Amino acid sequence: MSRIDHTTKIVGVIGHPIKHSLSPQMHNQTFELQNLNYVYLPFDVLSNQLKEALKAMSILGVRGLNVTIPHKEKIMQYMDHISEEAASVGAVNTVVNEENNYFGYNTDVNGIIESLNPYKEEITKSTVSVIGAGGAARAVIYALIRYFKIERINLINRTEERSESLKDYFKGKMHYDQIFTYELMAKENLELYQSSKLIVNATSIGMAPNIDDSPTDLKESFNSSQIVFDLIYNPLKTKFIKLAEQQNATVINGLKMFVVQGAKSFELWTGEKMDIDFIYSELIKQLS
Ligand code: NAP
């Protein structure tokens, strides 16, 4: 980092808690590799400090931010412009500072589309089960409705108010009325999973260090004609993915999504392309 000087541009990630993020490594390694005078830093910011943190961003000349749990929704009110996609999703994960005008984007959507695109034909117009109703689930549901024309979405979540509110949100925003909500541990879920072409885990259940947890413990939830997508990338193989593999389902982990969303943010800040394949293989080495 000896190249840091008065022209160095600052980007980073704000969230709480912020530990364990691989984003600083991904971006700093790419800045080094592509000889760009940028530095990426993690900022642990509490919800009640979000407004102040954004003020500081213009004072300190911070070029851009990734936004993570729990700020993705709340940060929208402080943006000067919001991309059509982020406005539809209802969450911002990337901020670009253009001469103290804040532009909000959602690059998680890009990561989700890239991860699912190889299976587009099978997924399009099918029935899908989405587990989770947080910020990531919002981006998943938006992508499913907009790009894969999904016929029915079973939305399964621990807290019912949250899934109900997502259902109402997409009914209002995208005029989509085919979301049906269920509790996480309900008996009928097995049937829902079995009848789904695609099952997505958009919860943090199974994330390190809780690697023995899974949104479903029943391998019968899965079958060989399904695609099973876990947004978690640490571990690369969650228990959820392992159970699906036992039933010969096609599985996708969250690493491609992570790298693609990061690459898109990188491009928005720097105007340069990230070497996605290189970073992906570097992270695989580290996580394996
Ligand atoms: P979030 O807004 O905090 O939502 C968390 C979701 O997980 C909620 O649906 C929550 O249910 C559920 N949940 C958490 N702990 C649970 C537990 N012990 N039992 C049952 N449900 C539980 O988080 P998010 O931003 O949506 O992220 C969700 C996951 O996606 C995380 O694992 C994150 O790492 C991953 N993600 C991956 C990428 C990527 O690039 N690969 C990008 C974004 C997110 P309640 O509503 O009941 O609380």
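The values are calculated or read from the model by the stated rules, or taken from the named source; none is laboratory data. Source: prediction; values computed, not measured. Here the Cβ is made from the backbone with ideal geometry for all residues, glycine too, and neighbour counts use every protein chain on show. For the accessible areas, the whole protein counts, side chains as well, though only heavy atoms, and no ligand, DNA or RNA atoms are used. Shrake-Rupley method; radii C 1.70, N 1.55, O 1.52, S 1.80 Å.
Quick notes
- The mean accessible area for residues of the chain, using a 1.4 Å probe and ignoring ligands and nucleic acids, is 47 Å² per residue.
- Calculated mean residue ellipticity, 222 nm, the chain: -11500 deg cm²/dmol, from DSSP H runs (n ≥ 4) at -39500 (n - 2.57) each, averaged per residue and rounded to 500.
- Most to least packed among 147-158, 192-203 [average Cβ atoms within 10 Å]: 192-203, 147-158
- Sequence-distant contacts, meaning Cα pairs under 8 Å at least 6 residues apart, place the relative contact order of the stretch 1-122 at 23 percent.
- Spatially proximal lysines relative to residue 9 (Cα-Cα < 18 Å; intrachain offsets below 8 disregarded): 55, 264, 273
- Order by protection proxy (mean Cβ within 10 Å, highest first), peptides 257-267, 275-285: 257-267, 275-285
- Taken about its Cα centre, the chain carries a charge dipole of about 20 debye when Lys and Arg each add +1 at the Cβ and Asp and Glu each add -1 at the Cβ.
- Estimated FRET transfer efficiency when R0 is 22 angstrom, pair residue 20-residue 146 (beta carbons, to 0.05): 0.10
- Computed lengthening from residue 194 to residue 74, 0.36 nm per intervening residue step minus Cα-Cα distance: 39.6 nm
- Directionally averaged projected area (convex hull, Cα atoms, the chain), nm²: 14.7 nm²
- Kyte-Doolittle mean at least -1.0 and Cα axial length at least 20 Å: DSSP H helices in the chain: 255-270
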